[in-house]
Amino acid sequence: MDRKTWLSILAKADTAELSALWDALALAPAFSWLRRPQIGAVMVQGRAGGTGAAFNLGEMTVTRCTLQLENGPVGVGYVQGRDAAKAEIAALADALLQTAAAQAILDGLIEPLRAKAQARKAGRAAKADATRVDFFTLVRGEDG
Amino acid sequence: MYVAVKGGEAAIDAAHDWLAEERRGPTDIAELTLGQIKGQMSLAIARVMAEGSLYDPDLAALAIKQARGDLIEAIFLIRAYRTTLPRFGASHPVETGDMACDRRISATFKDLPGGQVLGPTFDYTHRLLDFKLAADGALAARDVAEDVAEAAPDTAPEPMPRVTEFLNAEGLIEPEVDPGEAPGDLTRAPLELPASRALRLQSLTRADEGFLLGMAYSTQRGYARNHAFVGELRIGTVPVEMDIPELGFAIEIGEITLTECETVNQFRGSETAPPQFTRGYGLVFGQTERKAISMALVDRALRWKELDEDDLGAPAQDEEFVLYHADNIQATGFLEHIKLPHYVDFQSETELLRRLRQAFAAAPIQAEAAE
Amino acid sequence: MSQTHILSGGFDSPATGSAQAFRAAMEAMARPGTIETLSGGTGPAPLSDAAATLLLTLCDTTTPLFLGASHDTDDIRAWLAFHTGAPIARREDAQFALGTWSDLAPLGAYATGTPEYPDRSVTLIVEMPELSNTGAVLRGPGIEETTRLNLPDPQAHQANRALFPLGFDCFFTAGNRVAGLPRSTDVTAQPVAAEEV
């Protein structure tokens with residue numbers, strides 16, 4: 001799995017699920033801050049007609065931070081919403097994923113988060129599918 | 001003219017205390033939690049996020065609670081808060097074509113790839129009050145989960161291509177191409193007219209829903225020749241991707257719910273363009289269907305110049321009128337300020353009126369004399 | 001380790017750090033020629049702490065920045081990308097420009113605003129060997145009578161003053177010291193000899 005994929009999974013993770021899985025890993029690596037958790041906004045863009053000129057749709061809240069483990073790697077956390085603890089976990093996980101502990105983080109955190117997100121998505125897709133409809137056009141009398 | 005007034009601190013404090021008490025309501029009834037507002041007033045959350053122009057359901061819930069359910073007040077709180085946030089950057093444009101759709105319907109094509117999906121809609125309800133909801137603890141709707149368990153599709157959902165692409169393939173609709181320009185941002189630079197379509201769309205997506213609905217309705221009733229079909233309406237989630245400078249690549253930084261509406265409109269053609277369908281576009285935060293359709297209609301009406309159409313003098317065609325009056329926070333700020341102390345202004349008006357009346361009392365004689 | 005070097009040097013506490021720095025920058029601009037202390041940010045050499053702090057406080061992804069040759073290094077670019085996100089731009093498109101006085105020239109290339117929006121103009125951050133209240137005489141808003149600042153090229157500011165209300169504004173930085181020179185200040189060159197009398 002590449003870094004872009006795991007960072008994206010961490011960014012979209014449900015906070016409660018993320019903390020529970022992280023706590024279960026019982027890791028407390030020593031680190032120093034390069035950028036303390038900071039709450040900010042990202043301007044989300046759309047496109048006219050879905051494919052045309054870009055326009056500014058509105059902002060969303062994001063929390064970010066950067067830290068460095070004592071033994072070297074730099075971890076970056078960018079997560080949706082306003083949650084310093086969530087960003088910190090994401091950055092720690094990102095840093096550890098660049099170390100020998102990578103497999104444990106993948107198995108204990110990233111894969112379960114991905115599975116949960118996928119299950120949620122499948123659940124919604126199934127609900128949507130249950131509302132799929134076929135419309136029939138009927139011949140109207142007055143048209144003869 | 002603004003004149004400062006002093007005093008009233010104790011009265012203002014007392015008013016705020018009472019406001020807090022009224023917001024809380026009777027204490028023998030449990031206080032609303034943000035989770036309840038977020039989970040059960042989700043369409044109010046969507047409106048506050050869309051018009052507050054900040055996607056954060058938790059903040060929207062807090063704003064609604066603090067504003068006692070006054071959504072414009074809640075939007076005001078969100079707008080004020082968002083100005084305090086540092087801007088980390090702009091996302092890539094969201095790919096609504098890849099949306100994970102809760103709802104996707106077309107009023108122009110009956111059969112379309114991906115199908116028509118109704119989603120959690122008020123359409124086809126009878127608009128009869130459901131008194132079972134008034135009875136505490138009753139579960140009104142049957143559990144959808146059971147049906148879903150039976151369906152249990154393990155396969156990936158069918159792709160849902162854009163409806164306008166079918167027309168585009170035949171050349172029946174104007175193409176929508178990306179000129180690759182960075183869009184202007186009306187939260188950073190004052191809106192100047194004429195505005196680009198990008199700025200108009202930004203203005204419309206955060207506009208007051210009621211204002212936009214009225215404007216859109218006027219186009220349907222004939223105030224701008226603008227016969228629209230809903231080519232496609234989709235509601236669902238899309239990931240938001242952004243370049244992270246320190247990483248040197250883009251990551252998904254979150255996922256948001258959007259409502260998108262594409263209208264297909266008639267166009268006779270001009271000297272330079274053949275007869276073809278044209279487009280109106282709406283894209284709004286959250287499940288905000290009425291707003292997205294309204295936005296698409298007003299977007300189309302405002303495009304008369306670039307499509308070489310006639311100015312019919314309709315309000316919805318008037319860029320200045322629409323864009324300068326669509327923002328409910330600007331509007332309410334200016335509207336409501338007139339209830340605040342204007343004692344000095346009024347005193348001077350009163351004195352002026354007295355002088356005019358004195359002059360008037362003296363004038364008829366002169367007027368008669370002149371005749 | 002070079003990555004750490006690039007990623008460190010931000011404010012310890014961004015909210016208070018940037019608020020204090022903004023206050024100092026505002027004071028410097030409001031009282032032209034007054035030399036203020038400005039610190040909190042540290043960037044790769046040759047960036048001064050005062051300039052680093054200004055950049056952290058004033059720049060973000062919406063403020064195109066021109067880098068003079070002296071400051072256009074990979075380390076400074078990477079440091080700016082992490083801490084500010086400011087896009088690196090040509091002189092013509094820049095809202096801020098950073099460099100030594102000679103690297104920032106030609107001054108005619110920068111935006112000086114429009115009559116409707118005079119604020120759409122560049123702010124120069126000029127790195128100096130040192131700052132002292134000597135040399136050119138400054139008069140104008142924010143200065144009680146006169147003050148002095150060791151400006152590298154007083155004539156340039158006279159020409160800039162003539163454009164008012166258009167024009168550019170300057171911060172001069174050295175170490176952890178900063179002085180402001182807005183477009184509204186009247187600058188008179190003072191011969192060194194006269195000063196020594």
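Please treat every number below as a calculation from the coordinates, not as lab data. This structure is a prediction, so every number in the text was calculated from the model and none was measured. Cβ sites come from the backbone with ideal geometry, for glycine too, and all protein chains shown count toward neighbours.
Worth pointing out:
- Relative contact order (%) - criterion: Cα under 8 Å, at least six apart; region: the stretch A:3-100: 28 percent
- Relative exposure of C:Trp101, B:Trp18, A:Trp22, C:Trp79, judged by other C-beta atoms within 10 Å (fewest first): B:Trp18, C:Trp101, A:Trp22, C:Trp79
- The alpha-carbon positions of the stretch C:2-196 define a convex hull whose volume is 111 Å³ per residue.
- Value at 222 nm in deg cm²/dmol, rounded to 500, when DSSP H runs of n ≥ 4 in chain A each add -39,500 (n - 2.57): -12500 deg cm²/dmol
- 20 Å-binned pair-distance histogram of chain B (Cα, whole percent): 21, 49, 23, 6, 1
- Take each residue in C:57-69, count the other chain C-beta atoms within 10 Å of its C-beta, and the mean is 2.
- For a straight C-alpha distance cut-off of 16 angstrom, the aspartates and glutamates reachable from B:Lys305 (same-chain residues fewer than eight places away being disregarded) are B:Glu174, B:Glu271, B:Asp318, B:Glu319, B:Glu320.
- Highest to lowest packing among B:313-324, B:276-287, A:36-47, scored as the average C-beta count within 10 Å: B:276-287, A:36-47, B:313-324
- Shape category assigned to the stretch A:24-123 from the gyration tensor of Cα positions, a/c cut at 1.5: oblate
- Over all directions, the projected convex hull of the C-alpha atoms in the protein assembly as shown averages 48.9 nm² in area.
- Here the protein assembly as shown is assigned +1 on the Cβ of each Lys and Arg and -1 on the Cβ of each Asp and Glu. Its dipole about the Cα centre then comes out at about 500 debye.
- Centre separation in Å (Cα based) which lies between the stretch C:7-83 and the stretch B:47-61: 33 Å
- In chain C, helices alone account for a calculated mean residue ellipticity at 222 nm of -8500 deg cm²/dmol, with every DSSP H run of four or more residues adding -39,500 (n - 2.57).
- Shielding by partners - mean other protein chain Cβ count within 10 Å, residues of B:232-241: 3
- Among C:His157, B:His16, B:His342, the ranking by other beta carbons within 10 Å of each residue's beta carbon, starting with the fewest, stands as B:His16, B:His342, C:His157.
- Backbone amide hydrogens, once placed in the peptide plane, bring B:Phe277 within less than 5 Å of B:Ile173, B:Glu174, excluding anything fewer than 5 places away on its chain.
- Only Lys, Arg (+1) and Asp, Glu (-1) charged, at Cβ; the stretch B:166-306 dipole about Cα centre in debye: 900 debye
- B:Tyr223, B:Tyr217 arranged by Cβ crowding within 10 Å, fewest neighbours leading: B:Tyr217, B:Tyr223
- Nearest 10 degrees, 0 to 90: helix B:328-337 Cα axis against chain B principal axis: 20 degrees
- Here's how it looks for C:Asn150: its modeled amide H is under 5 Å from those of C:Ser132, C:Thr134, which are all 5 or more places away or on a different chain.
- For the cross-link pairs A:Lys12/A:Lys116; B:Lys65/B:Lys132; B:Lys38/B:Lys65; B:Lys6/B:Lys339; B:Lys132/B:Lys291, the ones whose C-alpha atoms lie over 18 Å apart are B:Lys65/B:Lys132; B:Lys132/B:Lys291.
- Within 10 Å of the Cβ of each residue in B:116-123, the mean number of Cβ atoms contributed by other protein chains is 3.
- Ellipticity at 222 nm from helices only: DSSP H runs of n ≥ 4 in chain B, each -39500 (n - 2.57), divided by the residue count, give -12500 deg cm²/dmol.
- Between the helical axis of B:209-220 and the longest alpha-carbon principal axis of chain B there is an angle of about 80 degrees.
- Degrees between helix B:71-82 axis and first principal axis of chain B (Cα, 0 to 90, nearest 10): 80 degrees
- Alpha-carbon centroid distance for the pair the stretch B:268-345 / the stretch B:221-240, whole angstrom: 14 Å
- Residues in the stretch C:107-118 carry Karplus couplings, in order, of 5, x, 7, 7, 5, 10, x, 10, x, 6, 10, x Hz; the curve used is 6.51 cos²θ - 1.76 cosθ + 1.60 with θ = phi - 60°, and Gly or Pro positions show x.
- Span from the the stretch C:122-197 Cα centroid across to the the stretch A:83-140 one, whole angstrom: 58 Å
- Unit charges at the beta carbon, dipole of the protein assembly as shown: most positive-side option, B:Ala10, C:Phe168, A:Ala16: B:Ala10
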